């Protein structure tokens with residue numbers, strides 16, 4: 001019996017970004033330099049496959065610094081940490097390596113600069129997300145106000161409406177963030193924004209690629225872990241762009257084949273923390289069931305690379 005025909009539209013860019021590449025390499029080189037175990041505060045990136053592979057190599061993932069012994073190195077995740085965490089590590093004379101994505105660090109620096117200029121910060125982000133916690137933790141309590149929706153802007157109580165600045169989580173929906181920014185500017189006309197948009201290039205590029213392939217497909221699959229903010233945003237972007245069926249799948253084994261019955265064109269993308277091996281696994285799963293024709297929908301070319309910290313560079 002012959003296989004049905006299917007066109008797979010592969011979004012480009014997709015998958016790993018420079019910040020994720022750097023963070024994973026930091027853990028790998030740290031294990032090579034100091035031996036196992038190397039402790040990692042929070043998942044280094046939000047992908048179970050990546051975390052499990054690093055755990056097999058000797059990484060121990062914990063949620064607090066208190067769980068780490070004084071005599072073993074600790075790596076801070078790509079999402080960033082509150083200022084109090086490296087301060088506590090220094091006090092304990094621990095060896096630590098900060099794997100915070102440089103684009104998240106950029107937001108930290110912005111917040112500090114505005115604070116030093118006497119401005120109160122408004123952060124657009126998701127409550128409880130490690131990046132939001134880390135960014136808000138750069139400044140004293142009360143100096144960063146969190147908004148998640150346009151409705152939050154309407155009820156926001158600020159110290160001085162004429163002395164405000166805003167920053168954003170780097171992995172938001174570009175369109176949703178733009179709506180919230182518009183609401184902030186409408187209510188607080190003097191609010192100061194970032195010199196360069198805080199939403200990172202990888203998030204922006206992956207969402208643009210999804211918008212470009214959405215009109216071509218019957219369904220969209222986003223490869224990524226459920227706790228990955230940027231992956232979940234890709235599902236939302238696909239749905240808003242017209243995909244009747246848009247699903248987040250951690251791996252090929254999570255594909256709901258019954259839901260895809262009758263589809264003739266399927267879009268595939270991956271969050272910024274999903275490795276290419278998982279993308280290829282999904283493609284192979286389709287090839288086992290369909291006569292697949294692949295087409296790439298490319299909206300940008302990425303060639304950004306971030307150096308790992310100096311403490312690890314010689315070994316690397």
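Read-outs: derived from the displayed coordinates by stated rules, not from any lab. Since the model is a prediction, treat every value here as computed from it, not as a measurement. For neighbour counting, all protein chains shown are included, and Cβ atoms are generated from backbone atoms with ideal geometry for every residue, glycine included.
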Rg [Å, one decimal], Dmax [Å, integer] - the range 103-187, C-alpha atoms:
11.8, 30
For Cα pairs less than 8 Å apart in space and 6+ apart in sequence, what is the mean separation divided by the residue count of the range 166-316, i.e. the relative contact order in percent?
24 percent
Just to be sure I understand: if I project the alpha-carbon convex hull of the chain onto a plane and average over all orientations, what area do I get in nm²?
17.7 nm²
Determine the relative contact order of the range 103-187: mean sequence separation of Cα pairs under 8 Å and six or more apart, normalised by residue count, in whole percent.
39 percent
Rounded to the nearest Å, what's the spacing between the alpha carbon centres of the range 14-33 and the range 112-162? Just the number, please.
29 Å
Based on a Kirkwood Rh over C-alpha pairs, give the Stokes-Einstein translational diffusion coefficient of the range 174-316 at 25 °C and viscosity 0.890 mPa s in µm²/s.
143 µm²/s
Suppose only helical runs count, i.e. DSSP H with n ≥ 4. What mean residue ellipticity at 222 nm does that imply for the chain under -39500 (n - 2.57) per run, divided by all residues and rounded to the nearest 500 deg cm²/dmol?
-11000 deg cm²/dmol
Whether the range 74-225 is rounded, prolate or oblate, judged on the alpha carbon gyration tensor where a/c under 1.5 counts as rounded
oblate
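For the range 18-101, report the convex hull volume of the alpha-carbon atoms normalised per residue, in Å³, without decimals.
77 Å³
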Ordered by packing density, taken as the mean number of other Cβ atoms within 10 Å over each peptide's residues, highest first, how do 276-285, 164-173, 105-114 rank?
164-173, 105-114, 276-285
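Relative contact order for the range 148-204: what percent, with Cα pairs under 8 Å and sequence separation of 6 or more?
48 percent
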Give the separation of the Cα centroids, the range 200-251 to the range 276-294, in Å.
17 Å
